[in-house]
Amino acid sequence: PQNATKKLTKDEEKLLRDFSKNVSTKSSAVFYGNAFVVSLIPLWLYWRVYEIDPLSQPIVFGAAVLVVTLAATYLISVAHKNVKFVLKHKIALKRQDAVSREINAQLADDKKLTRKEKDDRILWKKNGVSDFEATNYAIFYNNLLFVLFFVVVSFFVLPGINPIGNYVVSVAGSAGLLALLSTGSK
Amino acid sequence: MMSVSLLLLTIISLFGISNAADEKSARLLISKTILNEALVSGKDLTIHYEIFNVGPSSATGVELSDTSFRISDYKHISGLSKVRWEHIGASSNVSHTIVVRPLSPGAQNITSAHVSYIAIEGEPPVNAYSSEPGEYYIFPEREYDRLHSSHWIEWAIFAAMTLPSIGMPFLLWYRSRSRYVDQIKPKKH
């Protein structure tokens, strides 16, 4: 009886984890790392196209870069988490059959495993696959949108204002838009 | 009484002489214009001179000299700043163009060029000045580039930088998807 209770709790915990929005540490790191890199790339354009001279206003520019990069990294990561959460379950449903077939084929000769253990493996694999796919698709989708938003806002909506202001509004604004959009897609 | 009338006579006759002189003298009008739409430091600046002879007779020994573009502020690219035409006929014109490059940005006052020519044969040369283009602002190269250059190289590099962040996740997702989706396809048939 004690063993059974323990197992149930573990399963319940696992289910709870899958359905919660909190991503694992590894996933988090991937999201934050990606968001950080993406939020830095526009700076290149600002240096070359808008010809911002960092040396002319070092304090203002440095502060702007720091604040905007932190804000954008956070906001883009939020967008990643939200999109991934929505996608993961959709993908899990789609992959159910294919993963089952694959695992069953792999373990067909193994008589030692029970039905329950095989199902567990299928569940585990399915989660792994949908987690991986959802993460990647979320990053792809959000990065693409971010670049599009940023280019449109920076060059078509606000080309006239001073470069540093343009940088702050375009990058932080695009990241914010992205985060906003991700919460609405549920 | 005699002296007054003599004086009057002298004055009237002088008028007569000068009128006669006008009939034979050339008269040059010189225009100096900037052909550029924008003046940018480090970029070529084209100045165009046109000399019109509006007088009834030819001007000879026409010398155009422009010292307003100092070597300290401008680099001479092409065209001479001192030009000589032996002969400009009545009611005809000549033109000349020079190209200089401003070395530093800022406000510049572009003054007249000087022309000396012989209006009437035998007389000493006459001085004339061209029109004055006036004060211009020479833009720094950086500001001009920011507004006008197409920056396509920078955009290409930007595209190359964003491609990994977008392309790699997509590829990873697509590979995983195709691995599992393909297995379902046979079922549909």
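For B:LYS24 and B:SER72, what is the calculated FRET efficiency with R₀ set at 41 Å and r taken between the beta-carbons, to the nearest 0.05? List each step's numbers first, then the result.
Working: r = 43 Å, r/R0 = 1.06.
E between B:LYS24 and B:SER72, to the nearest 0.05, is 0.40.
So how far apart, in nm, are the two label points at A:ARG115 and B:VAL181 if each is 7 Å from Cα heading toward Cβ?
Between A:ARG115 and B:VAL181, the label points sit 3.3 nm apart.
Please list the equivalent ellipsoid semi-axes of region A:21-76, computed as the square roots of five times the alpha-carbon gyration tensor eigenvalues, in descending order and whole angstrom.
Details: eigenvalues 157, 27, 10 Å².
Working through the eigenvalues yields semi-axes of 28, 12, 7 Å.
How long, wide and thick is region A:111-186, going by the Cα atoms along their three principal axes, in whole angstroms, largest first?
Principal-axis extents of the Cα atoms in region A:111-186, largest first: 71, 18, 16 Å.
Take every residue in peptide A:136-145, count the Cβ atoms of other chains within 10 Å of its Cβ, and give the average of those counts.
Numbers: counts 10, 7, 2, 7, 10, 4, 3, 9, 6, 1.
If you average over the peptide's residues, the count of other-chain Cβ atoms is 6.
My understanding is that a pair violates if its Cα-Cα distance is over 18 Å; which of A:LYS90/A:LYS118; A:LYS84/A:LYS126; A:LYS26/A:LYS118 do that in this structure? Don't skip to the end; give the middle numbers.
Working: A:LYS90/A:LYS118 22 Å; A:LYS84/A:LYS126 15 Å; A:LYS26/A:LYS118 26 Å.
Correct reply: A:LYS90/A:LYS118; A:LYS26/A:LYS118.
How many square angstrom of accessible surface are buried between B and A, both sides summed, with a 1.4 Å probe and rounding to 100? Write out the running numbers ahead of the final one.
Numbers: alone 13360 and 11900 Å², together 22490 Å².
Interface between B and A: roughly 2800 Å².
Across region B:76-178, what fraction of all alpha-carbon pairs, as a whole percent, falls in each successive 5 Å bin from zero upward?
The calculated distribution, bin by bin, is 2, 8, 9, 13, 10, 9, 7, 6, 6, 5, 5, 4, 4, 3, 3, 2, 2, 1, 1, 0.
Counting only protein heavy atoms and a 1.4 Å probe, tell me what percentage of region A:61-105's accessible area is made up of carbon and sulfur.
Numbers: 1410 of 1930 Å².
Carbon with sulfur: 73 percent of the solvent-accessible area.
State the Cα centre-to-centre distance between region A:107-136 and region B:110-173 in whole Å.
66 Å
B:GLU143 versus A:ASN162, label points 7 Å from Cα toward the beta carbon: distance in nm?
1.4 nm
Hull surface divided by four, with the convex hull built on the Cα atoms of chain B: how many nm²? Before the final figure, lay out each step's value.
Values: hull surface 88.4 nm².
Directional mean of the projected Cα hull area for chain B stands at 22.1 nm².
So what's the Cα pair-distance distribution over region B:86-132, bin width 5 Å, in %?
5, 12, 18, 23, 15, 10, 8, 6, 3, 0
Give me the orientation-averaged projected area of the Cα convex hull of region A:95-134, in nm², one decimal. Before the final figure, lay out each step's value.
Working: hull surface 10.2 nm².
The directionally averaged projection comes out at 2.6 nm².
Based on the Cβ-Cβ distance from A:LEU40 to B:SER112, what FRET efficiency comes out when R0 is 45 Å, to the nearest 0.05? Let's see the in-between values first.
On the way: r = 54 Å, r/R0 = 1.21.
It comes to 0.25.
Evaluate the distance, in nm, between pseudo-label points positioned 7 Å from the Cα of A:ALA71 and of A:ASN104 along their respective Cα→Cβ axes.
The two pseudo-label positions are separated by 5.4 nm.
According to the Cα gyration tensor, what semi-axes, each the square root of 5 times an eigenvalue, does the equivalent ellipsoid of region A:68-124 have, listed from largest to smallest in whole Å? Mind dumping the intermediate values first?
Numbers: eigenvalues 285, 26, 13 Å².
Largest first, region A:68-124 gives 38, 11, 8 Å.
At a 1.4 Å probe, which residues in region A:28-66 are at least 30 Å² less accessible with all protein chains present than in their chain isolated?
Correct list: A:ILE41, A:TRP44, A:LEU45, A:ARG48, A:VAL49, A:GLU51.
The values are calculated or read from the model by the stated rules, or taken from the named source; none is laboratory data. Bear in mind the structure is a predicted one, so any value in this text is a computation, not a measurement. For neighbour counting, all protein chains shown are included, and Cβ atoms are generated from backbone atoms with ideal geometry for every residue, glycine included. Just so you know, the surface numbers come from the protein's heavy atoms only, side chains and all, with ligands and any DNA or RNA stripped out. Shrake-Rupley method; radii C 1.70, N 1.55, O 1.52, S 1.80 Å.
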